[in-house]
Amino acid sequence: MPDTLTITDNRTGKTYEIPIIYGTYPKYGAAIPAMKLREIKVSDDDFGMLSYDPAFGNTASCKSAVGFIDGERGILRYRGYTIEELAAKSTYLEVAYLILHGELPTDSQLEEWTWNITNHTMVHENVKKFMDGYHHDAHPMGILVSTIAALSTFYPDSRNVTDPEERSRSIYRMIAKMPTISAFAYRHSVGLPYVYPYNKLSYCGNFLNMLFKMTEVRYEPDPVLEKVLDVLFILHADHEQNCSANAMRSVGSSLPDPYCSTAAAAAALYGPLHGGANEMVLRMLREIGSKDKVGEYVKRAKAGEFRLMGFGHRVYKNYDPRAKILKEMAPKVFEVTGKNPLLDIALELEKIALEDDYFVKRNLYPNVDFYSGIIYQAMGFPVSMFPVLFAIPRTAGWLAQWQEMLVDEEQRIARPRQVYTGYDTREYVPMEKRG
Ligand code: CMC
């Protein structure tokens, strides 16, 4: 079977043979190099054919070995390992190492990696000063985005993105400082003093410490909740070429320091159609108010009044495997925290939607954000912190995508094309003749 595609241009009758590029195996995707389309022209001065793909619905922007999603079958893997197995057997820091380095760490590699992350958790004291300038009701995601960008000013050497050692330092710093900045943003919003990192605790234990420590000498994280948070972090660590990963790669392709690129990725994540959806799910469940109002609410969503938050996905046309894990994990959390009353509304909403023709026809299933919010809320996180809880673990994924892009010789500055639909050249209209 020849690995080519033959295209006939019916305008000219010419045929073109275009090579096919495959992923690891043909089943992992086949694509044509879009630049080859440029050869398709009606005349010599014709620009050549472009492919038109708003919102990148069917365009591979890169080759990547980090993550893989089979949306039809509801499969997610990081570096070849299934999300189910990683969630059951690994820790978040192990998974972050895997995503960034391609292999699970050995004992000594994990020890060194953990030491490096743990010893970069402090932020410069000046960070506290400008954080104090935000309004008390500032959304923590706004604080997070701008503070990540501000780190750029503390580490000017990080602009040297072609130096692997410098990149490595930035990676340690970023993964280490995300929980610290996020916790500071939360403490600022509730008017509590900032809590410094306590390096004897685990990554998630320390995060809980910085968020919730009050007057006790030592904060002891609840081991069940610490573990649940760690699993949540694993589930959110990467999701291949989504909106925020694309922002990371796109901004990073002009070679700014990684703090600015990560701030851009976090900003992309903030939107309600992406990582901001978990916050919106909770607001939606509160708005519905009780189980008996679910049917009416679904009707309004079907009528196009709004979307059901936490439902649907560009890639998954099946149950999001992350949502499945979360649904199973929820009872474990509620044993410690008490049941979240919103769970019954969520279960009813899922049941009605999954049986409804509108949702069935469009393959709209619950996504990761549907159950994560209910768990976060039961754990005591305020709703506005939910997108932040997505951004912290996703940092590993963003950085892996960024690093992969930087060393990929086929990548250049990201610069899409357009199909121009505006005026042809026009004669200038002087002021007295306008209107
Ligand atoms: N509720 C009701 N209808 C929906 C929904 C929804 N949540 N999502 C999609 N649809 C409908 C949409 O109206 C369209 O219908 P029609 O064909 O009649 O016009 C059809 O399904 C296809 O929708 P689309 O907008 O073409 O799909 P997309 O791939 O562009 O959007 C999405 C994907 C996730 C933005 C969308 O499903 C959505 O807005 N969901 C709600 C927000 C949400 O939960 N986002 C979190 C995504 S998972 C976390 C992450 O990785 O970011």
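Observations on the structure shown:
- Any hit, region 287-310, residues being surrounded by fewer than 19 Cβ atoms within 10 Å (Cβ to Cβ), within 30 Å of D70 (Cα to Cα) and within 19 Å of the chain's Cα centre (by Cα): no
This table checks each residue for (1) at pLDDT 95 or above; (2) part of a loop (DSSP other than H, G, I, E, B); (3) more than 10 Å from the ligand (Cβ to nearest atom).
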{"position": "V251", "(1), (2), (3)": "yes, no, yes"}
{"position": "L255", "(1), (2), (3)": "yes, yes, yes"}
{"position": "S261", "(1), (2), (3)": "yes, no, yes"}
{"position": "A265", "(1), (2), (3)": "yes, no, yes"}
{"position": "M280", "(1), (2), (3)": "no, no, no"}
{"position": "E287", "(1), (2), (3)": "yes, no, yes"}
{"position": "K293", "(1), (2), (3)": "yes, no, yes"}
{"position": "K299", "(1), (2), (3)": "yes, no, yes"}
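- Residue in region 401-412 that is away from the ligand (no atom under 16 Å from the Cβ), in contact with a Cys (Cβ under 8 Å, 6 or more places away or on another chain) and assigned to a helix (DSSP H, G or I) present: yes
- Looking across region 96-121, just one residue is surrounded by fewer than 14 Cβ atoms within 10 Å (Cβ to Cβ) and touching a residue at least 60 places away in the same chain (Cβ under 8 Å), and that is N119.
- Leading residue by the ranking (surrounded by the most Cβ atoms within 10 Å (Cβ to Cβ)) among those in region 54-95 that are touching a strand residue (DSSP E or B) at 6+ places or on another chain (Cβ under 8 Å) and β-branched (V, I, T): V95
- Residues in region 160-191 that are modelled with pLDDT under 95 and assigned to a loop (DSSP other than H, G, I, E, B): V190, G191.
- Some residue of region 338-356 being near the ligand (Cβ under 9 Å from one of its atoms) and either surrounded by 14 or more Cβ atoms within 10 Å (Cβ to Cβ) or under 21 Å from H236 (Cα atoms) (or both): yes
- Residue within region 220-233 that is β-branched (V, I, T), open to solvent by less than 50 Å² (accessible area, probe 1.4 Å) and farther than 25 Å from T82 by Cα present: no
The values are calculated or read from the model by the stated rules, or taken from the named source; none is laboratory data. Since the structure is predicted, the reported quantities are computational estimates derived from the model, not experimental observations. Note: ideal-geometry Cβ built from the backbone for every residue, glycine included; neighbour counts use all protein chains shown. With ligands, DNA and RNA removed, areas are computed over all heavy atoms of the protein, side chains included. Shrake-Rupley method; radii C 1.70, N 1.55, O 1.52, S 1.80 Å.
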